[in-house]
Every structure is written in structure tokens, then in C-alpha cells.
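Written out below as C-alpha cells is the structure these notes cover.
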Amino acid sequence: MASTTGLAGGRVEHILERYRTLVIGALLNDLPSGGPRYLYDLVAEYPRRWGKGLRAALCLATCRAFGGATPVGLNAAVTVELFHNAFLIHDDIQDESERRRGAPTLHAEYGVGVALNVGNMTNLLALQRLAANREALGSGIAWRLFEETELMLRHSLEGQAIEIGWIRDNVCDLDADDYYRMCLKKTSWYTCIYPCRTGVLAATGRHDAVDILDRYGWYLGAAFQIQDDALNLTGDYARYGKEIAGDLWEGKRTLILIDFMRRCTGDERERLVGFLSRTRTQRTAAEVRWLHGRLLAYDCVESARRSARELAAAARREGQRALGAAAETEDGRFLLDLTEYVVERSR
């Protein structure tokens, strides 16, 4: 696949930036002014930091590829971005993460209480955006967008519960299929499937066509997540913007870790299970370095990346089929080029 520094990657970066600027501008312009300290000013904190804007761009590009004008999809894209930022705030608390987009997480900087409240307000603002669709798109489409949002939230929260449960119960008998089922719910639904479904709805209003890009979104989201797992172990912090090896500190059951569990020696597995049985604060830097080295020695990262590339190729095939003639439009090409971008990106 082409590098993101190539022609396709350049096109993707350009369109991501264009749509991100549009969506973040609309999001920030609509935030309430004034209010109590530590609320609306902090709702703006994560959006103002650098981000790819992938989810909002997927929504807008899908809307445009299926015949909708940019203003038609903008409100749905802002809704997607608000829910995403609320998820980030709450995920960072659950994972005890220290860095987000090159700066301290909200709870690390301001405390858990403040961060939880800001995340809740961000969700409320997303719901207000959903309600605004009634005037912009009509009550029928607005209600369908609400139903799509309810479905996305259910899948995402169930996926998060699966991952948290694995860590809490120290589950160590997982295989790749377990990971993919969790990834479908936790990542693919809200990162790719939901933005595409809302984009189709905003553009066409057709209930019977809302799932046309589901398979594309499922494969794309899984490829995106696996590459994120790989970057967490091998990425350049200056570009990645999150703590390197944070997934190991948190005990996350990534495809990389599951592969190691399957192939390591008995002694290594015993040491790994002991490491995973402890909390983040009980784990040591020496243990994390040992595990990091073992994952690289067993070539688990590159093995996962091969799986990601296969998923990305499947996403491209499904996208080509679903888009039809729209694959030749600027936004159609963007959706297809994303399949290369998500596995070749460095941040």
C-alpha cells in the first residue's frame, strides 16, 4: 500500500484537514459563552488540540458522496465529533491515561470530578445537536438519526464493558475472534459505521440504505484500531501524542498481546499473567519494558499489522462495491483512500 506521504495520503490529509477545520469551527462557534468555571472552556479543550478528525470527515464525505450538500451533513458531523470527544474524556479516566493529543489528559490536569462533568456536558451538547436536526432535516430523519445514535452508544458501551471486564477479571484465554468481536462494538461502530450511517441518512433520508457501508466501516474500524495498538508500542511520541506503551500499563488485551499469549513459553505466560493481575499503579517500568521487548521479539506487532492491512484491503473492496459510480467523486476517492491511510499513518 502507498505511504501516507504519497499522492493518496496527501489527498487524505488535505481533505481531513478541510473537514476538520469546518466541523471544529462550527462546534466551537456553538458552545455557550460564560457559565461556571471549568465547564464550557474545557469542553473546547480536546477539540482545540490537534486531531485527525476522522469520524466527522467520514460523516461529511459519506453525505457528499451520496448526493448531500456539505451544510446538510454538517450538523450530523458536529454531533459525531462531540460524542467522540466525550468518549475520549471518559475513556482517559477509565484507562488512567496521562496524555492525550500531546498534552495532559483533562483528569490529569484538572481532576477526575471536573473531567467527568465536562464529559457529561459534551454528551449533552451532542444531544442538543441531534435535536437541532428536526428543524434542519425534518422530524422523520431527525428521529432516525436519534435511533442510530442510540444504537451506536449501546454497541460502544457494551464493547467498553467487554474490554474493562477482561482487565478486571484478568482474562487470559482470548483469541483473535474475541478481539475482533470487542473491536466491532468498541471501535468500528462509533469510529466508522455510525458516521457513515448518519452521513447516508442526512443525504438521502433513506432508511433502507443506511447500512450500505456497514461492512466497509467494520473492516476500516478494525484496521484503524490495530494500527493504533501498534503505534502505542512503536510510534514516535512527538507525532503519536499519547504515552508510548500506555496499553501495556493499562493491561489492554490488544490483538498484539493476545498473539503473544498464544505463542509464548510457559514461563513467559506465567510472568505475563502475574503482570496482568496487578493494577496499573502496581506495575513497574521494568515489567513494562520486559513485556514490550517480548512483543517485539515475537514479531507480534508486525503480525498484527499484516492483519490490519488485510482488513484495510477488505474495506476498500466493500467500499468500492457500495459506492458504485460515487467512487469516482472526490469524496468517494477519499473514502477508498482512507483504507490505506489508516494502516500507514504514524499518528
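Values as computed for the structure displayed
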| read-out | value |
| --- | --- |
| Coil-residue GluC sites (Glu not before Pro) of region 35-112, DSSP, other Cβ within 10 Å capped at 15 | 98 |
| Global form of region 81-188, assessed from the alpha-carbon gyration tensor, a/c cut-off 1.5 | oblate |
| Mean residue ellipticity (222 nm) of the chain, computed from DSSP H runs ≥ 4 via -39,500 (n - 2.57), nearest 500 | -23500 deg cm²/dmol |
| Sulfur and carbon atoms: percent of accessible area, region 116-262 [1.4 Å] | 52 percent |
| Per DSSP, loop chymotrypsin sites (Phe, Trp or Tyr not before Pro) in region 6-62 with at most 13 further Cβ within 10 Å | 50 |
| Charge-dipole axis of the chain as Lys and Arg at +1 and Asp and Glu at -1 on Cβ define it, positive-most pick from 85, 304, 332 | 332 |
| Trypsin sites (Lys or Arg not before Pro) within region 232-300, DSSP loop, no more than 13 other Cβ atoms inside 10 Å | 278 |
| Degrees separating the helix 54-65 axis from the principal Cα axis of the chain, which is the longest one | 40 degrees |
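The values are calculated or read from the model by the stated rules, or taken from the named source; none is laboratory data. As the structure is a computational prediction, the values presented were derived from the model and not from experiment. Positions of Cβ are backbone-derived with ideal geometry, glycine not excepted, and every protein chain shown enters the neighbour counts. Surface accessibility is based on the protein's heavy atoms, side chains included, excluding ligands, DNA and RNA. Shrake-Rupley method; radii C 1.70, N 1.55, O 1.52, S 1.80 Å.
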